[in-house]
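Trainee: One structure, as structure tokens, below. Some questions next.
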Amino acid sequence: LILGYTDMLKHILVEVNEFAATGSKVIIAAEEEIDKAALLDKEELKNIEIDIRQCEIYKRSVLEELVADAPSSIVLMADPEFEKEDADARTLMLQLQLTDIKEEIGADIPLIIEMNSTRNQHLSQMMRATDFVVSSSIIAKMMVQIAEHRHKKAILNDLISEDGSTIYMK
């Protein structure tokens, strides 16, 4: 389940497609209308089926209905239509509601949250409801590492690319 829409969504879907089992379903719920033709490319997205829903994602009843579909994970996208602090506030509000809904139904659904501000990222992690917070500061830190030490580019590429190194917990 993906809540919200950004220009990065197409890239995220391509990455999800690489690791998803054939026939997997991705539900995208957003308040604004999504250009399905620009998002869906049958050649790139062979493993996943996309279900796009235009709805009021900040309403609790809508969230309860979306979570009732038993998603394996939930991704909260920062709303690009708002200033960074306002977008983070809306994302935190969604996180609080989803955490409450998950507790209510006894579901253990991982949350992957996009945050703009490091301060808000820490606040989100303090709620202990987050499995992973995506932040633009991660990318900025990687760029600084590469700028200062060019030889680290190959290492970082290996760590973050789909064909790179992996760690498995047993």
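Trainee: Just to be sure I understand, how many residues within region 17-37 are open to solvent by 60 Å² or more (accessible area, probe 1.4 Å) and of a type in the set (A, V, I, L, M)?
Mentor: Looking only at that region, the number is 2.
Trainee: I'm trying to understand the selection: among the residues of region 143-170, which are of a type in the set (A, V, I, L, M, F, W, C) and more than 22 Å from the chain's Cα centre (by Cα)? Before you say what the answer is, go through the steps one by one.
Mentor: Restricting attention to region 143-170, the residues satisfying the condition of being of a type in the set (A, V, I, L, M, F, W, C) are 143-144, 146-147, 154-156, 159-160, 167, 169.
Residues satisfying the conditions are Val144, Ile146, Ala147, Ala154, Ile155, Met169.
Trainee: Considering each residue of region 31-89, count those that are on the phi < 0 side of the Ramachandran plot, small (Gly, Ala, Ser) and under 17 Å from the mean Cα position of the chain (by Cα), and give that number. Explain how you work it out, then say what you get.
Mentor: Step one: list which residues in region 31-89 are on the phi < 0 side of the Ramachandran plot, which gives 31-69, 71-89.
So of that shortlist, the ones also small (Gly, Ala, Ser) come out as 37-38, 61, 68, 72-73, 78, 87, 89.
Pick out the ones that are also under 17 Å from the mean Cα position of the chain (by Cα) and you get 72-73, 78, 87, 89.
Summing the residues that are on the phi < 0 side of the Ramachandran plot, small (Gly, Ala, Ser) and under 17 Å from the mean Cα position of the chain (by Cα) in region 31-89 gives 5.
Trainee: Does at least one position in region 124-138 carry a residue that is modelled with pLDDT of 70 or more and among the charged types (D, E, K, R)?
Mentor: no
Trainee: Tell me whether region 4-15 contains one or more residues that are over 22 Å from Thr91 (Cα atoms) and surrounded by 13 or more Cβ atoms within 10 Å (Cβ to Cβ).
Mentor: Looking for residues that are over 22 Å from Thr91 (Cα atoms) and surrounded by 13 or more Cβ atoms within 10 Å (Cβ to Cβ), one finds at least one in region 4-15, hence yes.
Trainee: In region 42-96, how many are loosely packed, with under 14 Cβ neighbours inside 10 Å, assigned to a helix (DSSP H, G or I) and modelled with pLDDT of 85 or more?
Mentor: 5
The values are calculated or read from the model by the stated rules, or taken from the named source; none is laboratory data. Bear in mind the structure is a predicted one, so any value in this text is a computation, not a measurement. Note that each Cβ is placed from the backbone with ideal geometry, even for glycine, and that neighbours are counted across all protein chains shown. Each accessible area value is taken on the protein alone, full model and side chains, heavy atoms only, with ligands, DNA and RNA left out. Shrake-Rupley method; radii C 1.70, N 1.55, O 1.52, S 1.80 Å.
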